[in-house]
Amino acid sequence: MFDFLSNNKIRFILFQVVAVLIVAYVAYYAISNLNYNIERLGIRSGFDFLGIRAGFEINERLIAYTVDSSNLDAFYVGLINTIVVSVIGIIFATILGLIIGVARLSSNYLISKLAEVYVEIFRNLPILLQILFWYNLLLIVLPSPRNSFDFFDKVFLNLRGVYFPKPIFESDFSWVLIAFFLGAFLSFLIKRFFSKKHDETGIRQRTWHYYLLSLLGLPLGVYWLLGSPLHFDYPSLQGFNFDGGLSFSPEFLALVLALSIYTATYISEAIRAGIESVDNGQKEAGLAMGLTQTQTLKFVLLPQALRVAIPPIINQYLNLTKNSSLAAAIGYSDLVGVFSGTVLNQVGQAIEIILMTMAVYLTLSLLISLGLNFVNHKMRIKGLNE
């Protein structure tokens, strides 16, 4: 018996089997106990509640929704709002983080110190406190609808939100989208062609006009040939508020602003650390070849720095997406506020609703990780045998 257990391979397998059995037993016990309590307390279970009439209004929505819509429709509204906040927040945080990260290393003392002060202040304040701060600040600073900030008589900003022209797509507009994706594919082929040519000859050519022609020229040409299958619904002041167009509430603006500013501090530190990880000889070599400071940063330092910076940046994108669930603190209609809040209070099926909400955030996090890990894989330094 003891000889049998002294075999490392057998003992290794045995310990794993025992661990799996323990986990399976705990899971079985928990599920059995859950089912027993549900039956004992007479709690409804299942997902039939998704087809029930929601019975409440959601002001912040990008799809059709009324009080007569189902709880599933409310789930979709909250999901889309969460995705929109996360995507816009990630874009702004990335741009701001890149700027601040480079500014931290600036030879200009004032710019460098201002960037450092920004990072130290906003990185060390709780994100919930920042969300509340920006929300209350916007309500105080922004004017009433009648005194809105006017941008080209098309975009309006006031304490009730920001109003944009709303695009109205006609059926033929799908051909414009097809032309755009075709142009994107052509841009990819053009990039591969000139990258290969650069590797073979060492000569770098300007290609921006090819990209411009592919990404903008082709879709615009199709757009005009089809007779402009797109028009806009412009917002206009009607009484005490604006009517028409596409609007985003102050809650949305405060949430995006807080998430972007907070997350950008960590992204900037990742960018700064990535640039500092590049050997100083690389910068000197770029300058010796006749490149300017900007060209050296763009073509020499940043491509190498991003290989180091992307893994921690992935974590910050995930944190921003999960931190968006704090929107309920200022009343923004995200997934947690709408589905895990209002719908849960009405139907009382906490297990199903919380599990669906957790599944959404898990899926979003995995998709972000998958996409950026793919980018990270493509940017890695290839070995001799690759």
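Here are a few things to note about the model shown:
- Set of region 214-228 residues, backbone N closer than 17 Å to the point 7 Å along the Cα-Cβ line of LEU186: 214-226
- Residues whose amide H comes within less than 5 Å of that of SER70, counting only those at least five positions distant or on another chain, are ALA54 (H built at 1.01 Å from N in the peptide plane).
- Efficiency of FRET between TRP224 and SER365 - r from beta-carbon atoms, R0 51 angstrom, step 0.05: 0.75
- Of the two radii for region 176-245, the radius of gyration is 1.31 times the Kirkwood radius, both from the alpha carbons; that is the Rg over Rh value.
- Note on region 1-133: Kirkwood radius taken over Cα pairs, Stokes-Einstein applied at 37 °C and 0.692 mPa s, translational D equal to 150 µm² s⁻¹.
- Straight-distance candidates among the aspartates and glutamates for linking to LYS378, with alpha-carbon spacing under 18 Å and chain neighbours fewer than 8 residues away dropped: ASP199, GLU386.
- Over all projection directions, the Cα-based convex hull of region 172-330 averages an area of 14.8 nm².
- Computed magnitude of the charge dipole of region 267-363 (debye, nearest 20; Cβ of K, R +1, Cβ of D, E -1): 140 debye
- Cα radius of gyration and Dmax for region 236-364 (Å): 22.2, 69
- Between VAL375 and LEU212, the distance separating the two model label sites (each 7 Å from Cα on the Cα→Cβ line) works out to 2.5 nm.
- Heavy-atom accessible surface of the chain: percent carbon and sulfur, 1.4 Å: 66 percent
- Across region 303-386 the C-alpha pair distances fall into 5 Å bins from zero in the proportions 3, 13, 18, 16, 14, 10, 9, 7, 4, 3, 2, 1, 0 percent.
- Dimensionless Rg ratio for region 126-204, taking C-alpha atoms and the 2.2 N^0.38 Å reference: 2.00
- Calculated log₁₀ intensity ratio I(q)/I(0) where the Debye formula runs over C-alpha points of the chain, q = 0.08, 0.12 Å⁻¹: -0.65, -1.24
The values are calculated or read from the model by the stated rules, or taken from the named source; none is laboratory data. Computed from a prediction, not measured in an experiment: that's the story for all the values here. Reconstructed Cβ throughout: ideal geometry from the backbone, glycine too, with neighbour counts over all protein chains shown. Side chains are part of the model used for accessible areas, which takes the heavy atoms of the whole protein and leaves out ligands, DNA and RNA. Shrake-Rupley method; radii C 1.70, N 1.55, O 1.52, S 1.80 Å.
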